[in-house]
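To keep things clear, I will list the structure first and then write my remarks on it.
The values are calculated or read from the model by the stated rules, or taken from the named source; none is laboratory data. Please read these numbers as outputs of a predicted model, since none were measured by experiment. Virtual Cβ from ideal backbone geometry, glycine too; neighbours counted across all protein chains shown.
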Amino acid sequence: MKRSFYLIAFSLCLGLVSTLSAQDFLKHDFDDGTLGPFETTNLNRMTFKDGALECTWKPSDYTGTGTSSKKTEFRAKDNAYVFKQEFWTGFWLKVHSNTLANNPNTEMSLMQTWGFREGAANHYFMLQYFGDGSLRWQHRYNMGQNFTRYVIYPDFPKDQFVKVVIHVKLKNVSDGIVQVWIDDELMLNKTGQTIGFGDQNENGQYNQSYSTPGSWGMYNYANEEYVSGETRTVTYDDVTLWNGPDGYDIVNPSDVTPPGCSLPWKDNNFTVSNETANYSSGAIDISCASKVDISLNIKGEGNMEDSDYINVYYKVDGGPQKTIAKNVNAFALKTLSVANISGNKLELIIQAKTSYADEVYTISNIKIAESDGSTTGGSSLVHIQKRNASNFAIDGNQGGADGQNVYLWSANPNNVNQQWIEIDRGNGYYSYQKIGTNHCIDGNYSGGTRQNVYLWTCYENNQNQQWQKVDVGGGAFKLIKRNASGFALDGGSGGSDSQNIALWDSSSNSQNLHWIITPIESNKDPDIIDTNEVLIYPNPVADQFTISSGTNETSTYTISDMNGKTILKGVINEGSVSLDINGLAKGLYLLKVSNRSKVHTSKIIKQ
């Protein structure tokens, strides 16, 4: 399910509200083809489709007078939900491509809330969609026509379900709170707001003043701007309301799967021989999963030249192309994988070339599936070098501990202290987890010049550990701190062993803030050369696999998870051993094989 980690919290919240009245908590997913606790006067403009409610309106519905013909809205039945201070709502929202497609100068409401006092009513906040493609927030106080308006999302996506969570708290005048989350990212966070209707103090509304969510759906303004023949369509799912504090997990609509999901997805095997080939999976709908994994096998056979290549990339939501691996010449069968990708649309891209018929690249077992949460997460394993001192890389020191310093050290991609799991947190932000540990690069609270950077226990929602990758050209990136965008990762002047890494003004053009982030395909211990190849087959593995140590010398093996926890260990006495890991959860594991002459470390993918 999308953002499935909210399910437990949501279940607990259900138990909490089970003794409360209907006006405190309402929810409906439309799966039964009814409005449930909601009602409408516009049912003829609504369609229950794929377990969601599709609301449609066109200018010919407008009668020329009144307001009811301007809208396709639904609201709580019999005004069964009221509040005086705090309000939460969550829902899936899809704005279809036809909506305001030809009306850049008009607007419509997607959700309104009303205030009441002594028989008078006036809306005081609303979610709006504009013809320029932006999602906005508007509110006003009492009956005055002056209002405040904020842009929440300047280029709101169309034709895909987006999660919306809204929180409003009425306090004193000029002391209200407005928060709007889009797909779990806080996009609007305003305090000191004058919102509401009627009399207010620190406890919200009083003197017979109260409020009620007016409606979801669409209300269409500016009838003079209607375009003949146009149609406007908006779809809603899993609409939830909560009257009280701490309501995010209560109203979060993550336990509903948006329609149209393509998972699990796989494609046929193919080969590239004496040709240049460009492959694309096309846009794959992954919106029903919180995170997905990509895996595929590739192999190169024949007497290939340096001009022969096979490169594998992916894109999320039409964003920049991200590298999974680049390869030249021939190589043995290997598995490429990227874990914990989040978004709505995913595209897999493969570019390959061979010069002769006996030179063949084979691509097989292409799969995209929902992550099962058994791994710590991440896309490719990466090495991060300082642009203007490329002989030095980001090093996390031995092991991992909270507060352990992060510094520069002589660059060596085989040094496990310089190997980082790049975890895609969505919306262009990444965390960097030190391989074999559960510690991430952390920029400390907020931001400041020369503020120290260290390791800290990885948490998915800790924005101190999330870095925006900003392409600065030349294959380099700035890493800008998510919750302090004025500061970026800085390696200091020049480079030397143990040189400290800290935060610095992100607007600086200094190459001290530029990092070359390179995918690496193995995680060998430093300075160890394999004289005999260790073979692991099959890999990926469903249940049983074999380790061949490449020597008759007694070796030991250790299998650990991505947090460094040992899962299995044993001895290889006669050059090989077969193991059964059917009981292990699906995901990525590390295998270490060692004897007196060598140490070999590999990744195992458990299917």
Q: Filter the stretch 200-239 for residues that are at pLDDT below 90 and within 33 Å of the chain's Cα centre (by Cα) and give the result.
A: T212, P213, G214
**Q.** Scan of the stretch 193-214 for residues that are at negative phi, touching a residue at least 40 places away in the same chain (Cβ under 8 Å) and either of a type outside the set (S, T, N, Q) or assigned to a strand (DSSP E or B) (or both), ordered by number
**A.** Q193, I195, F197, D199, Q205, Y206, Y210, S211, T212, P213, G214
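Do we have D293 as on the phi > 0 side of the Ramachandran plot and of a type in the set (D, E) here?
Working: on the phi > 0 side of the Ramachandran plot: no; of a type in the set (D, E): yes.
Considered against the rule, which asks whether it is on the phi > 0 side of the Ramachandran plot and of a type in the set (D, E), D293 comes out as no.
Can you tell me which residues in the stretch 273-284 are loosely packed, with under 14 Cβ neighbours inside 10 Å, part of a loop (DSSP other than H, G, I, E, B) and polar (S, T, N, Q)? Full working, then the answer.
Within the stretch 273-284, the first condition is being loosely packed, with under 14 Cβ neighbours inside 10 Å, and the residues that meet it are 274-276, 278, 280, 282.
The next check asks that each one be part of a loop (DSSP other than H, G, I, E, B); those that pass are 274-275, 282.
Residue satisfying the conditions is N274 alone.
Here is a yes/no grid of residues against (1) over 32 Å from the mean Cα position of the chain (by Cα); (2) within 22 Å of E118 (Cβ to Cβ); (3) among the aliphatic types (A, V, I, L, M); (4) surrounded by fewer than 18 Cβ atoms within 10 Å (Cβ to Cβ):
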site	(1), (2), (3), (4)
D155	no, no, no, yes
D159	no, no, no, yes
V162	no, no, yes, no
I177	no, no, yes, yes
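For the stretch 548-576, which positions are outside any loop (DSSP other than H, G, I, E, B), within 36 Å of the chain's Cα centre (by Cα) and not small (G, A, S)? Full working, then the answer.
So the first thing to find is which residues in the stretch 548-576 are outside any loop (DSSP other than H, G, I, E, B), and the list is 548, 555-560, 566-572, 576.
Cutting the leftovers down to within 36 Å of the chain's Cα centre (by Cα) gives us 557-560, 566-569.
Answer for the stretch 548-576, where residues must be outside any loop (DSSP other than H, G, I, E, B), within 36 Å of the chain's Cα centre (by Cα) and not small (G, A, S): Y557, T558, I559, T566, I567, L568, K569.
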Q: Six or more apart or on different chains, Cβ under 6 Å: which pairs go from a residue in the stretch 103-131 that's in contact (Cβ under 8 Å) with a residue 40 or more places away in the chain to one that's acidic (D, E) and not in a strand (DSSP E or B)? Could you list them?
A: N103/E225; T106/E225
Q. Which of the following residues is surrounded by fewer than 22 Cβ atoms within 10 Å (Cβ to Cβ), touching a Gly at 6+ places or on another chain (Cβ under 6 Å) and not aliphatic (A, V, I, L, M): P104, P37?
A. P104
Q. In the stretch 314-331, what count of residues is obtained for those that are assigned to a strand (DSSP E or B), under 22 Å from N269 (Cα atoms) and touching a Gly at 6+ places or on another chain (Cβ under 6 Å)?
A. 1
Q) For residues in the stretch 434-491 being in a strand (DSSP E or B), hydrophobic (A, V, I, L, M, F, W, C) and in contact with a Cys (Cβ under 9 Å, 6 or more places away or on another chain), which is surrounded by the fewest Cβ atoms within 10 Å (Cβ to Cβ)? A) W456
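Looking only at the stretch 539-575, count every residue that is among the charged types (D, E, K, R), surrounded by 12 or more Cβ atoms within 10 Å (Cβ to Cβ) and either modelled with pLDDT of 80 or more or in contact with a Pro (Cβ under 8 Å, 6 or more places away or on another chain) (or both) and tell me the total.
Keep residues of the stretch 539-575 that are among the charged types (D, E, K, R), which gives 543, 553, 561, 565, 569, 574.
If we keep only those that are surrounded by 12 or more Cβ atoms within 10 Å (Cβ to Cβ) as well, we get 543, 553, 561.
Pick out the ones that are also either modelled with pLDDT of 80 or more or in contact with a Pro (Cβ under 8 Å, 6 or more places away or on another chain) (or both) and you get 543.
Qualifying residue count, the stretch 539-575: 1.
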Q.
Considering only residues that are touching a helix residue (DSSP H, G or I) at 6+ places or on another chain (Cβ under 7 Å) and at pLDDT 75 or above, which ones fall in the stretch 255-266?
A. none
**Q.** Residue list for the stretch 285-313, restricted to those being surrounded by fewer than 21 Cβ atoms within 10 Å (Cβ to Cβ) and either outside any loop (DSSP other than H, G, I, E, B) or free of Cβ contacts under 8 Å to residues at least 12 places away in the same chain (or both)
**A.** D285, S295, N297, K299, E301, Y309, N311, Y313
Q) Considering the stretch 387-407 alone, what residues qualify as being among the hydrophobic types (A, V, I, L, M, F, W, C) and more than 16 Å from T518 (Cα to Cα)? A) A401, V406
Q: Could you tell me whether any residue of the stretch 226-238 is in contact (Cβ under 8 Å) with a residue 60 or more places away in the chain, in contact with a helix residue (DSSP H, G or I) (Cβ under 6 Å, 6 or more places away or on another chain) and more than 30 Å from I177 (Cβ to Cβ)?
A: yes
Q. Could you say whether any residue in the stretch 471-493 is within 23 Å of D317 (Cα to Cα) and touching a residue at least 60 places away in the same chain (Cβ under 8 Å)?
A. yes
Q. L579: at pLDDT 80 or above, in a loop (DSSP other than H, G, I, E, B), over 21 Å from K434 (Cβ atoms) and hydrophobic (A, V, I, L, M, F, W, C), yes or no?
A. no
